[in-house]
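> This is the structure I want to talk about, given as C-alpha cells.
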Amino acid sequence: MGIVETAAAVRDRLSKAPGLFKVPAPGVEMYVLRDFLSDKECAALIALIDKDREPSRLLAPTDDPEFRTSESCNLDTHHPAVKAVERKIAGLTGIDPDYGETIQGQRYAVGQQFKPHHDFFFTTEPYWPEQEKHGGQRTWTAMMFLNAVEEGGQTQFPDAQVRIAPRRGNLLVWNNLDTLGAPNMASRHQGLPVLAGVKYVITKWYRERPWTPGPGTDLY
C-alpha cells in the first residue's frame, strides 16, 4: 500500500478503537487515548530511560544551543516492557511493525525543551538521501507520556492551536503528512519547557516503507 492508502487504513482502525478521542486540531490528524500504558509499564520504561539517557542529538545541525536540551536514548528492543509497548501500538494502529523505528525515550528536567520542529523529513536537506534509503519519509508519530509533570512540559502544536498536557499512560498519535501524503507543515510541534518536576515520554516514529537502521537514522 502507498502512503495515502496506509493512512486510510490507520484512520479506519483508529476510528473503531474504544476510548480513542479525535483531537479538534485544524489541519492535523491527531488522536488521544487515555491510560494506554499501565502504571507498571510506565515505571519500567522510566527506569530504562534513566539507565541509558544521554544528551539528545539532532539530525540537522542548528546554531541554537537551546533548540533541544533534553536527554534521550533508544530503548532496548528485547526488553519485555518495550516488546509489550510495541505489541500495543501495532494492535491499535495496525501499522506493520517493520515500518517502525526503534522506540526512543526522552527525559526533560526543569528548563529543558524541544523547540518547534517537524517529525517528517525535508527532502531538500543533506540528510535525506540516507533517510530515503532506510525507509523513506516519516508518516505517523506515536508519543506516550510516562508521568504527569508538576508544571509545564506540554506538547504544543502552534499552527493547530493545540496543547497537550502530560498525563501518565496517555497516548498521543498524529499523522505528519496531509491527505495527499505530502509533508504537513501544520504538524509542527514542540515540547514546552518543564517548569517543575521531570517529564518522561517515549516516541515511536513510522516510515513509508520498512525501516532499517543505518548511519544517522537514530539521531532525531
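> List the trypsin sites (Lys or Arg not before Pro) within region 136-170 that fall in a DSSP loop (any state other than H, G, I, E or B) and whose Cβ has at most 16 other Cβ atoms within 10 Å.
Taking region 136-170 and a limit of 16 other Cβ atoms within 10 Å, the loop trypsin sites (Lys or Arg not before Pro) found are 167.
> May I pose another question? In region 1-39, which chymotrypsin sites (Phe, Trp or Tyr not before Pro) are in a loop and have at most 15 other Cβ atoms within 10 Å, using DSSP for the loop call?
Those that pass, being in a loop and sparsely packed, number zero.
> Using a 1.4 angstrom probe on heavy atoms only, work out the carbon and sulfur share of the accessible area of the chain in %.
55 percent
> Let me ask something additional. Can you show me the helix-derived [θ] at 222 nm for the chain, built from DSSP H runs with n ≥ 4 at -39,500 (n - 2.57) apiece and divided by the number of residues, rounded to the nearest 500.
Using -39500 (n - 2.57) per qualifying helix, the result is -6500 deg cm²/dmol.
> Pairs of Cα atoms under 8 Å, at least six residues apart: use those to get the relative contact order of region 123-178, whole percent.
Rounded, it is 40 percent for region 123-178.
> Classify the chain from the C-alpha gyration tensor, please: rounded if a/c falls under 1.5, else prolate or oblate depending on whether a/b exceeds b/c.
Rounded.
> Then there is this: Normalising by the residue count of the chain, find the relative contact order in percent from Cα pairs under 8 Å and 6+ residues apart.
It rounds to 29 percent for the chain.
> What Rg and what Dmax come out for region 91-188 when only alpha-carbon atoms are used, in angstroms?
Reported Rg and Dmax, both Å: 14.8, 41.
> Loop only per DSSP, at most 14 neighbouring Cβ atoms within 10 Å: give me the GluC sites (Glu not before Pro) in region 123-194, ordered by residue number.
150
> How much length is gained if the chain between residue 98 and residue 53 is pulled fully straight, taking 0.36 nm per residue apart and subtracting their Cα-Cα distance, in nm to one decimal?
Once the chain is fully extended between residue 98 and residue 53, it gains 13.7 nm.
The values are calculated or read from the model by the stated rules, or taken from the named source; none is laboratory data. Predicted model, so just to flag it, every value in this text is computed and none were measured. Please note: Cβ atoms are built from the backbone with ideal geometry, for glycine as well, and neighbour counts cover all protein chains shown. Please note that ligands, DNA and RNA were not included when accessible areas were found on the heavy atoms of the full protein model with its side chains. Shrake-Rupley method; radii C 1.70, N 1.55, O 1.52, S 1.80 Å.
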